[in-house]
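Chemist: Below you will find the structure I want to go over with you.
The values are calculated or read from the model by the stated rules, or taken from the named source; none is laboratory data. Quick caveat: nothing in here was measured; it's all calculated off a predicted structure. So basically every Cβ, Gly included, is an ideal-geometry build from the backbone, and we count neighbours across all protein chains shown.
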Amino acid sequence: MSKRTIVALPGDGIGKAVLDETIRVLDAAGFEAEYVEGDIGWEFWKSEGNPLPDRTIELIKKHKVGLFGAITSKPKDAAFAELSPELQSKGLIYSSPIVGLRQHFGLDICMRPCHTYVGNPLNFIRRAQGDNFDEPEVDVVIFRQNTEGLYGGVEWSNPPTQVYDALMTHPRFVKNFGDTPKEEISVSTRIFTKKATERILRAAFEHAKKYGYKSVTVCEKPNVIRETSGMMFKMAQEIQKSDYPEIELWNTNIDAQMMWLTKNPENYGVIVAGNMFGDIVSDGFAGLIGGLGFACSAQFNPDTGIGVFEPTHGSAPKYADYDVSIVNPIAMIESACMMLDFINENDIAARIRKAVAEVIIEGKVKTYDMMKMTGRADVIEKGAASTQEMADAVIAKL
């Protein structure tokens, strides 16, 4: 087994705590790697005006694989207020560094699996006949187009004249907004390209084929957002018919899908969506398997071999200053397993997943979320496991 170099990106808040414990788990599982730390996140925005310094981009370019903790993002005005005074006159505008990474390296395929752990006290249950309850097994993988759509960053407040004039050529814009002063208008675009849309669709179908899922569901809104959502579904129909006839193609609207989450989640296999709707539906399914403490993700470009792996939870700054970290590291550990799969260390990934599953089904070690507590510093005194204790339990199983 060759020794890899992994770019460790702790980021903000609880990112460092969950990343450090995950690296301990990787070491215990026998993954031999060197870790170089990359600068990313809020502190670098405040001090340098850039939450994604060029030196970090160069590290990822060189080593190709990043393991990422969490970032803090704030609205435009709040971000400006925290910028160092000497930088506030330079016209800098905050943008998410993780979005920046995706776009810089073309990490357009985002994969978010949501799998039920047997014995997890946070698993979704529903009422069955009579006074009974059942616990459906969720086994869903969401493929989210990661670089376009509403997160593409093409937006304006008080749009430039040429943009405003272009908008005024659309009859619906004239009808609905033509009397609104330009300075009162904010515009965010939702841009889909055929090339990127085909890539995410094919990634979803290929995953379904490889792992035996019976269906791929396009989760968009083609009945209303006719050009972008409509293009995605039409392309999915063409791809399914020509190349994957053995896999069923389903079509759900994002709003209806969120309702059906709690009706029949076990019916879904692979789901594919644009950037915003993929973000929404993956968080929805994560809620069925225990919440963001169990939600992992991968974002990668198969052409370049560059991938960044992260839990989908935020930086939770209110927990970052606790003397003992209380947050659940499983999402970060699972993200590291996705990294291992990406670099073909599948056996180690399987061992870690098995160890996590054994800890959960045994039920002796539970973080505060698994005990359904409010996240406060005193949860450790009340019997909740710390971040380190959960990692210790996984290591003991290994």
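Chemist: Residue 313 is checked against (1) in contact with a strand residue (DSSP E or B) (Cβ under 9 Å, 6 or more places away or on another chain); (2) modelled with pLDDT of 95 or more; (3) closer than 29 Å to residue 125 by Cα and fails just one. What number does that condition carry?
Modeler: It is condition (2) that residue 313 fails.
Chemist: Follow-up question, since we're still on this one. Looking only at the stretch 301-322, which residues are without any contact (Cβ under 8 Å) to a residue 12 or more places away in the chain and in contact with a Ser or Thr (Cβ under 6 Å, 6 or more places away or on another chain)?
Modeler: Passing the criteria: none in range.
Per-residue answers, yes or no, for (1) more than 20 Å from residue 152 (Cα to Cα); (2) in contact with a strand residue (DSSP E or B) (Cβ under 7 Å, 6 or more places away or on another chain):
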residue: 173; (1), (2): yes, no
residue: 183; (1), (2): yes, no
residue: 200; (1), (2): no, yes
residue: 204; (1), (2): yes, yes
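Chemist: Looking at 64, 74, which is the one that is closer than 28 Å to residue 334 by Cβ, of a type in the set (Lys, Arg) and at pLDDT below 95? Give the derivation first.
Modeler: Values: 64 fails: at pLDDT below 95.
When all the criteria are applied, what remains is 74.
Chemist: Now, a different point. What pairs come out if I take residues in the stretch 151-180 that are under 30 Å from residue 101 (Cβ atoms) and pair them with residues that are exposed (fewer than 11 other Cβ atoms within 10 Å of the Cβ) and not charged (D, E, K, R) whose C-beta lies under 6 Å away, six or more apart or interchain?
Modeler: Partner pairs satisfying both residue conditions: 157/186.
Chemist: Out of 274, 230, 278, 291, report the one residue that is in contact (Cβ under 8 Å) with a residue 60 or more places away in the chain and surrounded by fewer than 18 Cβ atoms within 10 Å (Cβ to Cβ). Talk me through it step by step, then tell me what you get.
Modeler: Values: 274 fails: surrounded by fewer than 18 Cβ atoms within 10 Å (Cβ to Cβ); 230 fails: in contact (Cβ under 8 Å) with a residue 60 or more places away in the chain; 278 fails: surrounded by fewer than 18 Cβ atoms within 10 Å (Cβ to Cβ).
So the residue among 274, 230, 278, 291 that is in contact (Cβ under 8 Å) with a residue 60 or more places away in the chain and surrounded by fewer than 18 Cβ atoms within 10 Å (Cβ to Cβ) is 291.
Chemist: Right, residue 365: under 28 Å from residue 207 (Cβ atoms) and touching a residue at least 24 places away in the same chain (Cβ under 8 Å) or not? Don't jump to the end; show me each part of the working.
Modeler: Details: under 28 Å from residue 207 (Cβ atoms): no; touching a residue at least 24 places away in the same chain (Cβ under 8 Å): yes.
In short, no.
Chemist: Could you tell me whether residue 320 is surrounded by fewer than 19 Cβ atoms within 10 Å (Cβ to Cβ), at pLDDT below 95 and assigned by TED's automatic domain parsing to the domain that holds residue 73?
Modeler: Working: surrounded by fewer than 19 Cβ atoms within 10 Å (Cβ to Cβ): yes; at pLDDT below 95: yes; assigned by TED's automatic domain parsing to the domain that holds residue 73: yes.
The answer is yes for residue 320.
Chemist: Determine, yes or no, whether residue 52 is surrounded by 15 or more Cβ atoms within 10 Å (Cβ to Cβ), hydrophobic (A, V, I, L, M, F, W, C) and over 21 Å from residue 307 (Cα atoms).
Modeler: Spelling it out, it is not the case that residue 52 is surrounded by 15 or more Cβ atoms within 10 Å (Cβ to Cβ), hydrophobic (A, V, I, L, M, F, W, C) and over 21 Å from residue 307 (Cα atoms).
Chemist: Any idea which of (1) free of Cβ contacts under 8 Å to residues at least 60 places away in the same chain; (2) of a type in the set (Gly, Ala, Ser); (3) on the phi > 0 side of the Ramachandran plot is the one residue 375 doesn't satisfy?
Modeler: Only one criterion in (1) free of Cβ contacts under 8 Å to residues at least 60 places away in the same chain; (2) of a type in the set (Gly, Ala, Ser); (3) on the phi > 0 side of the Ramachandran plot is unmet by residue 375, namely (3).
Chemist: Next question, about the same structure. Can you find a residue in the stretch 376-393 that is crowded, with 22+ Cβ neighbours inside 10 Å, of a type in the set (Asp, Glu) and over 19 Å from residue 27 (Cβ atoms)?
Modeler: No: zero hits.
Chemist: So which residues in the stretch 345-396 are part of a helix (DSSP H, G or I) and of a type in the set (Lys, Arg), if there are any at all?
Modeler: So the first thing to find is which residues in the stretch 345-396 are part of a helix (DSSP H, G or I), and the list is 346-362, 377-379, 387-396.
Matches in the stretch 345-396: 351, 353, 354.
Chemist: Now a separate question. Any idea how many residues of the stretch 42-91 are of a type in the set (Gly, Ala, Ser) and assigned to a strand (DSSP E or B)? It would help to see each step written out before you state the result.
Modeler: Looking only at the stretch 42-91, we keep the residues that are of a type in the set (Gly, Ala, Ser), and these are 47, 49, 66, 69-70, 73, 78-79, 81, 84, 89, 91.
Next cut, assigned to a strand (DSSP E or B) only: 66, 69-70.
So the count comes out to 3.
Chemist: Here is a further query. Residues that are in contact with a Leu (Cβ under 7 Å, 6 or more places away or on another chain), farther than 21 Å from residue 276 by Cβ and at pLDDT below 95, at least 1 per element: which strands (runs of 3 or more DSSP E) completely within the stretch 173-263 meet that? Give the steps one after another, and end with the answer.
Modeler: Working: elements: 186-188, 215-220, 248-253.
It comes to none.
Chemist: Give the residues of the stretch 115-134 that are modelled with pLDDT under 95 and not hydrophobic (A, V, I, L, M, F, W, C), sorted by residue number.
Modeler: Matches in the stretch 115-134: 126, 127, 129, 130, 131, 132, 134.
Chemist: Out of curiosity, is residue 258 in contact (Cβ under 8 Å) with a residue 12 or more places away in the chain, in the same structural domain as residue 135 (by TED's automatic domain parsing), surrounded by 14 or more Cβ atoms within 10 Å (Cβ to Cβ) and closer than 30 Å to residue 119 by Cβ?
Modeler: Details: in contact (Cβ under 8 Å) with a residue 12 or more places away in the chain: yes; in the same structural domain as residue 135 (by TED's automatic domain parsing): yes; surrounded by 14 or more Cβ atoms within 10 Å (Cβ to Cβ): yes; closer than 30 Å to residue 119 by Cβ: yes.
Spelling it out, residue 258 is indeed in contact (Cβ under 8 Å) with a residue 12 or more places away in the chain, in the same structural domain as residue 135 (by TED's automatic domain parsing), surrounded by 14 or more Cβ atoms within 10 Å (Cβ to Cβ) and closer than 30 Å to residue 119 by Cβ.
Chemist: Still on this structure: Given (1) closer than 30 Å to residue 5 by Cα; (2) over 17 Å from the mean Cα position of the chain (by Cα); (3) of a type outside the set (D, E, K, R), where does residue 301 come up short, assuming only one miss?
Modeler: In the conditions (1) closer than 30 Å to residue 5 by Cα; (2) over 17 Å from the mean Cα position of the chain (by Cα); (3) of a type outside the set (D, E, K, R), residue 301 misses (2) alone.
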